1. Would you mind checking 4/411; 14/136; 334/557 for any pair whose Cα atoms are more than 26 angstrom apart?
2. Contour minus end-to-end for residue 102 and residue 66, with contour as 0.36 nm per residue of separation and end-to-end as the Cα-Cα distance?
3. Identify all aspartates and glutamates with a Cα-Cα distance to residue 266 below 14 Å; exclude those on the same chain that are fewer than 8 residues away in sequence.
4. Just check the stretch 45-142 against the gyration tensor rule for me: Cα atoms, a ≥ b ≥ c as the square roots of the eigenvalues, rounded for a/c under 1.5, and otherwise prolate or oblate depending on whether a/b exceeds b/c.
5. Would you please give the residues with an amide H less than 5 Å from that of residue 547, counting only those at least 5 places away or on a separate chain, with H modeled from the backbone geometry?
6. Roughly how compact is the chain, stated as its Cα Rg over 2.2 N^0.38 Å to two decimals?
7. Mind checking the log10 I(q)/I(0) for the stretch 499-559 at q = 0.12, 0.16, 0.20 Å⁻¹? Debye, one equal scatterer per Cα, no solvent, two decimals.
8. Could you check the simple spin-label distance between residue 79 and residue 392, using points 7 Å along Cα→Cβ, in nm with one decimal?
Amino acid sequence: MRKKLPIGIDGFEKIMTNDFYYVDKTLFIKELLQNWGEVNLFTRPRRFGKSLNMSMLKSFFEIGGSPELFDGLKIMQEKLLCEKYMGKFPVISISLKSVDGRCFESASAALRTVIGNEAMRFQFLLESKKLSDMEKISYQRLIKVGTVTRALYDMTDDVAVASLKTLSQLLARHYGQKTILLIDEYDVPLDKAFQGGYYEDMVTLIRNLLGNVLKTNDSLYFAVLTGCLRISKESIFTGLNNLKVHTISDIRYDEFFGFTNADVDKLLKFYGLYSYKAVISDWYDGYRFGDTDMYCPWDVINYCDELLADSGADPENYWANTSGNDLIRRLLKKANQTTRYEVERLINGETIIKTIRQELTYRDVEGAIDNIWSVLYSAGYLTCRRRFPGKQMELALPNREVRELFIDLIKDWFEETTQADSVRINRFCGAFPKEDVVTIQKLLHDYLWNSISVRDTAVRRNMKENFYHGMLLGLLQSQDSWLVQSNAETGEGYSDISIRTPEEIGIIIELKYADDGNLEAACMKALKQIEDRKYAEGLRHRAMKKIIKYGIAFCEKECMVMMA
């Protein structure tokens, strides 16, 4: 029986004890210990294995763990290291991904719950002979989340701020061994707070919580934090001089988050799916962490799972669909003509050069549009193709999955912005039954100029036509009284767009993309196709009093409209 694919499983123990496939990243432990840092922050995009690595660290270091989980894994070859460190430390491990709320009070309560649940794992402290009665009371306050009555043992806000330091001290006292602290998704509460309008309060709470446990804490052996973004020192890590930050640009640890090419080859061969390697590379490769090319693990695992069930399954946007993708929407809403041109270059397979700031506050993101590029890079929507002196990077979309996401969001953005101007869009649509070719072409050109076009030579012509087809269809469907059909069966084939109006006017539209720039020839080809394939027959059968035929050609931001 073959191993199961661990879709959505980020617990190391669960993977190792339930016969899931595991890509061995255990040498992360060795590198972490060799490149010593008292406080280590790893920033990587979502779905690149941060939580699984944190769970693996907990399983390795924690006293009373299960060393057999690591049997056969690479770290076990480091015998002296394992003898010295494996199962030798108390470990506090929390994830802040669930710390959310509509207001600061509910979010801070969620944070206290997370800490309280972790503290509950150590109830043996209540019976510890190495703790004083006052220390046991301190512990009791950690396992009771604060209430309105504020009872003696409740975890008040003040107790919460000191909670991780208190717990690390109590564990160190009980075991006679310093504590390891693991905090996963440390920046999620700040993102949620920014969206919810209580950012300053949450910054203060997180700053005080981390400051207490990470600064001058003699009970701390080391700490590891993970997140998507590096929040600036001034915002969160004020006065913290022992912080080592490892971003996606850094060479150290570059192969431990995500799948390397060798990882993907091994997995595909294991499941007999190596013939799909080229497709998987096109869709899910393209990230670069440090000096290593990386695949998104979430994508690879999900697509392999689909292929095992259906060998003809098409790739999908697995990673892109696990988030609201608000960053791209923000970029498009703020975009001026230059920014739109830069986005256009990206979706057309080209690159742009930008100054990247990897240390931002959430306020900075809104402050200037150029900062959004930095966040898109850190969050995995962009990847670095080349570095320049200073902080400049040559950026590109990593793969087809992210490109498809950008194109979909651009279509949504275009529809929102154009339909907001009802007078203009009504004028555009009204020109079709009036046979006003000049107005149609003029307004369509204006829409193209203010939008983002697909002109990548690597994209097949029919895909380019589909892009313009979708844009035009969105404009025409704004007319509620029209019956607008896309690729409707009319006659001996499918016209691109077929319209019936209440006035019993039928409109046939055929689109072409002019790769060679000859718009007139492309229009004529479109009109000939309407006649040759008898697209108008379906409208005649529906007793349309008048039928109008349009051929429309596109090339980048240029267009031509011809009428039969």
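The values are calculated or read from the model by the stated rules, or taken from the named source; none is laboratory data. What you see is a predicted model; the values in this text were computed from it and never measured. Cβ atoms come from the backbone with ideal geometry, glycine included; neighbour counts cover every protein chain shown. Calculation scope for accessible area: heavy atoms of the full protein, side chains included, ligands and nucleic acids excluded. Shrake-Rupley method; radii C 1.70, N 1.55, O 1.52, S 1.80 Å.
1. Violating the 26 Å limit, Cα to Cα: 4/411; 14/136.
2. 9.0 nm
3. In chain and number order, the partners are 24.
4. Oblate shape, in that a/c is at least 1.5 and b/c is the bigger or equal ratio.
5. 506
6. 1.19
7. Treating every Cα as an identical point scatterer, log10 I(q)/I(0) equals -0.33, -0.54, -0.72.
8. Once both label points are built, they end up 5.4 nm from each other.
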